[in-house]
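The values are calculated or read from the model by the stated rules, or taken from the named source; none is laboratory data. Remember, it's a predicted structure, so these values are computed and weren't measured experimentally. Note: ideal-geometry Cβ built from the backbone for every residue, glycine included; neighbour counts use all protein chains shown.
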Amino acid sequence: MTRVLAWTVGVALAAVALGPGPLDGQSPQRYYVYACAESEDEVALLRFTASATGGSLEVVKRIPVGVMPVEIEGPHGIAVHPDGRSWYVSLSHGSPFGSIHKFTTGTDQWQAQVPVGLFPASMDISRATGLLYVVNFNLYGDMVPSTVSVVDTASMAEVAQVPSGVMPHGSRIDATGRRHYHVTMMDDRLREMDTVRLTETRSLALSAHAGHVMEDDGTEEGRAAMKAMHAMMLQPTWATAPTRDGKLYVAGNNTNEIVEVDVEQWAVTRRFEKTHAGPYNADVTPDGKTLVVTYKRGAAVGLWDLEQGVEAARLTTTRTVPHGVVISPDSKYAFVTNEGVGAEPGVVEVYDLARRIRVASAEIGKQAGGIAFWKSE
């Protein structure tokens, strides 16, 4: 055997031993995400560098986002524009309303802001319209119907507030950019909105108690009845964007279940019941194979095999109160935020979805929450 042939055989055998990994020539080596630190008024830019043995995660930059130095304003939701040039963050604790702030990616320079509704939370941006859609969660006062604010990302003007239900949350847009999906936590409904006409097109009851909102009437019997009814409600917190085969998944935070909805039929087709405690956020890999769920009360991340309808792995998080999740466009990695408790720093974690293991983590500011994917290279 010649020296060149021996070297070639050796490289081939090493490749077989390692198997296809993050550096197999088919995918990027570095991934960038933005993550909110809600109790720090800060957004962190992080870079994950993949390797055949796992990878490393580092904080590239910490970006202050608050405008009132004596008040925590609570950056909650975050989204990167589809053109990759700008990112947007919701400051939820404004007075009297919250606001959306626009920054340039790369330089992370502030550009503009616009006031929206009460406690703007999660948001997404349509490829079809270029508009941003943010749910006004409204944590204040009585449980009354709220709205979805629609913002023109070029002029940073609010162009509409579309009526929704009680405590809207989660904000995802389908691949066409024409349909927006969110849930209303306190009336157990999934809602669909036309992103062009800016009207709600359909809503779906997710439980037998959907639409029933009870107020405390001040009596012991009334409080007991309200408590019993709320115990049976899903209190959904997030819906995923629809998959290629037209399914989306809703996290039933209160009843510990995941609800599968067929978007064309507009009907519940499967329920994954008795999940780990407190499914909160969820995202599906672009290849449609895996559903990643954060269990906010269970300090874990669930990886669900959607073909089999089973939880293929459940991985304990490094900190308590897992919150947000976003998946890389190549379906290889899930990026998860963990709030922590008290004065603990928040944490961003990276999960290898093929090997079903955590491969990296990094601390950011307190109460890590919203997270958005920027780019890969």
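Is one or more of the residues making up the range 62-70 farther than 28 Å from Thr147 by Cα and touching a strand residue (DSSP E or B) at 6+ places or on another chain (Cβ under 6 Å)?
Yes; the residues of the range 62-70 include at least one that is farther than 28 Å from Thr147 by Cα and touching a strand residue (DSSP E or B) at 6+ places or on another chain (Cβ under 6 Å).
Could you please find all residues in the range 93-124 being over 17 Å from Pro168 (Cβ atoms), β-branched (Val, Ile, Thr) and either in a strand (DSSP E or B) or out of contact with any strand residue (DSSP E or B) (no Cβ under 8 Å at 6 or more places or on another chain) (or both)?
Within the range 93-124, Thr104, Thr107, Val114 qualify.
Rundown of residues vs (1) crowded, with 20+ Cβ neighbours inside 10 Å; (2) modelled with pLDDT of 95 or more; (3) hydroxyl-bearing (Ser, Thr, Tyr); (4) on the phi > 0 side of the Ramachandran plot, yes/no style:
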| site | (1), (2), (3), (4) |
| --- | --- |
| Gln161 | no, yes, no, no |
| His182 | yes, yes, no, no |
| Leu198 | no, yes, no, yes |
| Arg202 | no, yes, no, no |
| Val213 | yes, no, no, no |
| Gly218 | no, no, no, yes |
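Does Glu363 satisfy the criteria of being acidic (Asp, Glu), over 18 Å from Gln29 (Cα atoms) and in a strand (DSSP E or B)? Give the steps one after another, and end with the answer.
Numbers: acidic (Asp, Glu): yes; over 18 Å from Gln29 (Cα atoms): yes; in a strand (DSSP E or B): yes.
Considered against the rule, which asks whether it is acidic (Asp, Glu), over 18 Å from Gln29 (Cα atoms) and in a strand (DSSP E or B), Glu363 comes out as yes.
Would it be correct to say that His323 is assigned to a strand (DSSP E or B) and modelled with pLDDT of 95 or more? Show your work before the answer.
Numbers: assigned to a strand (DSSP E or B): yes; modelled with pLDDT of 95 or more: yes.
Considered against the rule, which asks whether it is assigned to a strand (DSSP E or B) and modelled with pLDDT of 95 or more, His323 comes out as yes.
Looking at (1) more than 19 Å from Ala44 (Cα to Cα); (2) in contact (Cβ under 8 Å) with a residue 12 or more places away in the chain, which is the only condition Glu349 fails?
Glu349 satisfies every listed condition except (1).
Could you list all residues from the range 261-278 that are in a strand (DSSP E or B), in contact (Cβ under 8 Å) with a residue 24 or more places away in the chain and not aliphatic (A, V, I, L, M)?
Passing the criteria: Arg270, Phe272.
Is it the case that the range 87-107 has a residue that's touching a residue at least 24 places away in the same chain (Cβ under 8 Å), in contact with a Ser or Thr (Cβ under 6 Å, 6 or more places away or on another chain), crowded, with 23+ Cβ neighbours inside 10 Å and under 16 Å from His180 (Cβ atoms)?
yes
Consider Arg319 carefully, then state whether it is more than 21 Å from Pro236 (Cα to Cα), charged (D, E, K, R) and without any contact (Cβ under 8 Å) to a residue 24 or more places away in the chain.
Spelling it out, it is not the case that Arg319 is more than 21 Å from Pro236 (Cα to Cα), charged (D, E, K, R) and without any contact (Cβ under 8 Å) to a residue 24 or more places away in the chain.
Being of a type in the set (A, V, I, L, M, F, W, C), buried (at least 16 other Cβ atoms within 10 Å of the Cβ) and not in a strand (DSSP E or B) is the filter here, so list the residues in the range 329-360 that pass it.
The answer is Leu353, and nothing else.
Restricting to the range 353-377, and then to whatever is farther than 21 Å from Ala299 by Cα and not small (Gly, Ala, Ser), can you tell me which residue is modelled with the lowest pLDDT?
Glu377
Could you tell me how many of the residues in the range 125-161 are in a strand (DSSP E or B), in contact (Cβ under 8 Å) with a residue 60 or more places away in the chain and in contact with a Pro (Cβ under 9 Å, 6 or more places away or on another chain)?
Qualifying residue count for the region: 0.
Does Thr240 satisfy the condition of being polar (S, T, N, Q) and either surrounded by fewer than 23 Cβ atoms within 10 Å (Cβ to Cβ) or under 18 Å from Arg358 (Cα atoms) (or both)?
No.
Could you tell me whether Glu257 is modelled with pLDDT of 95 or more, within 18 Å of the chain's Cα centre (by Cα), among the charged types (D, E, K, R) and over 15 Å from Ile327 (Cβ atoms)? Reasoning before the result, please.
Values: modelled with pLDDT of 95 or more: yes; within 18 Å of the chain's Cα centre (by Cα): yes; among the charged types (D, E, K, R): yes; over 15 Å from Ile327 (Cβ atoms): yes.
Here the answer is yes, as Glu257 does meet what is asked.
Counting only residues that are buried (at least 21 other Cβ atoms within 10 Å of the Cβ) and hydrophobic (A, V, I, L, M, F, W, C), how many does the range 263-299 have?
6
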